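In what follows, a structure is listed as structure tokens, so that the remarks can point back to it.
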């Protein structure tokens, strides 16, 4: 079996050709680094994406806090994760990198803040 | 009126201004950093997606994370005075330059400085500029404005959207809208190829099965008070084929149709602007036609990678420092765009040292070659795996490259892409 | 008010209705002005070119001619009292041929007959010295120093503010849908269930004057909308002229003009195309080339590159060549003010006077008030002040230091002033302050204005509109809509070129 795809691990966007007979026999061509190979694998078996979003922050002003998953997460989990994120409301102070949701759906991936939010004035 | 004196004033606390301010202050000079918003970071604050800093920090950061690194750097420097919610409205070029900065807190502050760094960034091309016919309902947004409303304020511009323009901003917004529950009916692109990164086509369109209509344009906006739909028309050989138009019912239109360097303050200084870039003409040290007035970042020319913005701004800052120390280079030679090159920045180079340039190609090509020539003779060649107008190319000329042409009396270099 | 019955109800708060309201406010007269939109001037006046005409187009035997000449000279005093942007910059009508100069001479004679001051017939040297940017092929023309430019919506806002200050009541969102004639008054019904009574009625309803006339069982006539499209050019445009430039008029229209605005931008247009729909304000591409070709013929430096935006307005045209301003013959307590197209803006102050006299003729007794105050407070505009004046002002009122619109240099205090005067839509704020009118077209200030509006009015974000119901800006907040799984997503494969 063969499939063409574009690696999204970095802006270079190497065009990959992936051929396989079964799970044990996958060959990846076209990648400039090792990330391309593991990307191709995952994309076929269990595609994942980094999710970025914003959360309501209880500061009195309409100012949302940006967040991201600490690693790519299975695509199937994304809609439910987003809906859950939108229901959160956080109180400052929040530090950049702070874990807001731990081990989403048992994946080992966390949701972290990507910005520091000080105490509201 | 409060009057203050600084060695340098930086207009804009975004990625360019932060990098420049940090470098100038780090070398011991006093800096005033003027920012009209109530926080530093500029446009990075609303770019909550990842993909930033891969070149600079070898990490995949979101916009706010990238910004915070520089904000912290600047915060640690005592000689950077940060003026938030402050807007420069009047300037008087001279020796020194004067700036009138308006703020709620301080009133109008008169700031005098010998060096000015223009880092005001750019604004978006809007409906008025591109003249989409039709009615004028609510629901037409530029992509950046929609991004700001969603990511910072938490306001949604609509429920069913069509995006005009397949540049990275439009693609990123296709995903962002989908991730906040808006139905994105399609991305419309006038060229025959998408102008954003391929990775964004994959993760912003393909992931959500959002159609990309290449060689199409929005030919009419409909709706009395709020958008009700658009007419989409295909182009064949650059001409609209009205008979093949179709309608898309939507309540929101996002326009991602280009960025324009915002040089109104530059004009007030009397700086000469380059119609090819929309930004100032600059010499080898990124100084404009007005002595002591420098420019870096999107105000100089629209960038794609913030990593390049930081690099360019720090480089600019080093020259500002030389200028303040009285060491500014006196010899600058011209470098111009040749075949298939839209523009090259800066417009001059400095002999006897390493110069970094940024340029944009006019053509789309795989396995292209960048050639820098002096009177027709190549000084340097560089292989480029892929070029397209929407991906900026950066290249260096070092002393060795320049020495190849040192015999010639003619000093003008030409950059071409083949 | 006697028995809850107004003396006069004016239907339509455009420049005509507003001028009449302000005139009546100088008398002991209970006046109410009814406007169907959310804010005043949101009908025909909003898209007016803003020209104060020179008074040489029409004979004073016509209402158009007489009221234009009278209205023109009233603007200096009005500006002193009401502080709207106005520049008496002068008008040039230019000729390219000897034939055209003959038409110019006719205009000149008409102007002389109308007793217009300062009119000048110009030869080639003179006209080019008056406007150096003219096409070198221009051979001569007419110079009317009495001509000028205003911001029509600011004019209406100030007229209404003055009228309200002197006791006139404004009811917006009052769309008159039914009227009953009682013994000595009209019972007027609004679309949203409102009603009120008035002894006299002034029909100044612009595009809908025919419908209002029918509702009040007065004369039957037809208002035909004629669309005019214009382009707004950047204030840095190389082709920006110092005076309003007209070509020689044809029988059909005054032609494509180049119009400097009081705030330093420039407009080119308008077209003149009949259409059926009174609501259709759409712009088209087809006019674009024609307009720029014609504008460049007058001023070669005019360029499409300077376009900030395009918009269209509708003229309320009526059969016959003159304004229809008269006491209704069918309905004796009703004064018709219909078909007010060009030179309606110029004539408006004089129309106010004239309609006051017609109301007297119809039986309304008017006595002047001794406490009429013609002045309204001038709201400082930060862009007009020197930095030193601005500093002093900000020390007293800090909100003047917060610059919200950087393209037009508009401060938070001015936006708050607009909101407190009832301009609570994004367009209303735009017309009062100029915020959102500049080169970024609201890209950098909209999100700030939305916050200020919520704070000042208590409206929620979903309630804020561009110009009234139906034109909401924000539909809901992030998190209000649930995110669903995308349809059979394609993962990473591509058919990319």
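The values are calculated or read from the model by the stated rules, or taken from the named source; none is laboratory data. Please read these numbers as outputs of a predicted model, since none were measured by experiment. Using ideal geometry, Cβ is built from the backbone for each residue, glycine included, and neighbour counts are taken over all protein chains shown.
Descriptive notes on the structure:
- Residues located in the stretch C:305-358, provided they are in contact with a strand residue (DSSP E or B) (Cβ under 8 Å, 6 or more places away or on another chain) and within 14 Å of chain B (Cβ to nearest Cβ): C:306, C:307, C:308, C:309, C:310, C:311, C:312, C:313, C:314
- Among all residues of the stretch A:82-101, there is at least one that is closer than 28 Å to residue C:485 by Cα, within 14 Å of chain C (Cβ to nearest Cβ) and touching a helix residue (DSSP H, G or I) at 6+ places or on another chain (Cβ under 7 Å).
- Scanning the stretch A:52-71 for residues that are touching a residue at least 40 places away in the same chain (Cβ under 8 Å) and more than 19 Å from residue B:38 (Cα to Cα) turns up A:52, A:55, A:67, A:68, A:69, A:70.
- Any chance residue A:40 is modelled with pLDDT under 90, surrounded by 15 or more Cβ atoms within 10 Å (Cβ to Cβ) and more than 8 Å from every other protein chain (Cβ to nearest Cβ): yes
- From the options A:62, A:25, residue that is at the interface with chain C (Cβ under 9 Å from one of its Cβ atoms) and either over 30 Å from residue C:482 (Cβ atoms) or assigned to a loop (DSSP other than H, G, I, E, B) (or both): A:62
- Residue B:30, sole failed condition from (1) surrounded by fewer than 24 Cβ atoms within 10 Å (Cβ to Cβ); (2) within 28 Å of residue C:388 (Cα to Cα); (3) out of contact with any strand residue (DSSP E or B) (no Cβ under 6 Å at 6 or more places or on another chain): (3)
- Residue within the stretch C:371-379 that is surrounded by 13 or more Cβ atoms within 10 Å (Cβ to Cβ), at pLDDT 95 or above, in contact with a strand residue (DSSP E or B) (Cβ under 7 Å, 6 or more places away or on another chain) and more than 8 Å from chain B (Cβ to nearest Cβ) present: no
- Qualifying residue in the stretch C:456-464 (condition: within 27 Å of residue C:232 (Cβ to Cβ) and surrounded by fewer than 23 Cβ atoms within 10 Å (Cβ to Cβ)): yes
- Considering the stretch C:173-198, the residues that are touching a residue at least 40 places away in the same chain (Cβ under 8 Å) and surrounded by 19 or more Cβ atoms within 10 Å (Cβ to Cβ) include one that is farthest from the chain's Cα centre (by Cα), namely C:185.
- Members of the stretch C:218-253 found to be over 26 Å from residue C:326 (Cα atoms), touching a strand residue (DSSP E or B) at 6+ places or on another chain (Cβ under 8 Å) and more than 14 Å from chain B (Cβ to nearest Cβ), listed by number: C:228, C:239, C:240, C:241, C:242, C:243, C:244, C:245, C:246, C:247, C:248, C:249
- Total residues in the stretch B:89-121, condition over 22 Å from residue B:23 (Cα atoms), more than 9 Å from chain C (Cβ to nearest Cβ), in contact with a helix residue (DSSP H, G or I) (Cβ under 8 Å, 6 or more places away or on another chain) and part of a strand (DSSP E or B): 1
- Conditions (1) crowded, with 18+ Cβ neighbours inside 10 Å; (2) farther than 16 Å from residue B:18 by Cβ; (3) modelled with pLDDT of 95 or more: number failed by residue B:332: (3)
- One residue from A:119, A:105 being assigned to a loop (DSSP other than H, G, I, E, B) and either modelled with pLDDT under 95 or within 14 Å of chain C (Cβ to nearest Cβ) (or both): A:119
- For residue C:439: the one exception among (1) within 10 Å of another protein chain (Cβ to nearest Cβ); (2) assigned to a helix (DSSP H, G or I): (2)
- When the criteria are applied in full, residue B:396 fails the requirement of being assigned to a strand (DSSP E or B) and crowded, with 16+ Cβ neighbours inside 10 Å.
- Residue match in the stretch B:258-280 (condition: buried (at least 21 other Cβ atoms within 10 Å of the Cβ), at pLDDT 95 or above and more than 22 Å from the chain's Cα centre (by Cα)): no
- Hits in the stretch B:174-195 - residues which are within 13 Å of another protein chain (Cβ to nearest Cβ) and in contact (Cβ under 8 Å) with a residue 60 or more places away in the chain: B:175, B:176, B:177, B:182, B:185, B:193, B:195
- Count - residues of the stretch B:141-157 that are within 24 Å of residue A:60 (Cβ to Cβ), in contact (Cβ under 8 Å) with a residue 12 or more places away in the chain and touching a strand residue (DSSP E or B) at 6+ places or on another chain (Cβ under 6 Å): 3
- Selection within the stretch B:196-213 - part of a helix (DSSP H, G or I) and either within 11 Å of chain C (Cβ to nearest Cβ) or at pLDDT 95 or above (or both): B:198, B:199, B:201, B:202, B:203, B:204, B:205, B:206, B:207, B:208
- Restricting the stretch B:214-248 to residues that are assigned to a loop (DSSP other than H, G, I, E, B) and in contact (Cβ under 8 Å) with a residue 60 or more places away in the chain leaves a set whose member that is surrounded by the most Cβ atoms within 10 Å (Cβ to Cβ) is B:227.
- Every residue from the stretch B:40-68 that is touching a helix residue (DSSP H, G or I) at 6+ places or on another chain (Cβ under 9 Å) and surrounded by fewer than 17 Cβ atoms within 10 Å (Cβ to Cβ): B:55, B:57, B:59
- Meets criteria (modelled with pLDDT under 95 and more than 7 Å from chain B (Cβ to nearest Cβ)) for residue C:458: no
- Scanning the stretch C:241-252 for residues that are more than 20 Å from residue C:108 (Cβ to Cβ) and modelled with pLDDT under 95 yields a single hit, C:252.
- Residues being surrounded by fewer than 22 Cβ atoms within 10 Å (Cβ to Cβ) and under 14 Å from residue C:232 (Cβ atoms) - total across the stretch C:292-305: 4
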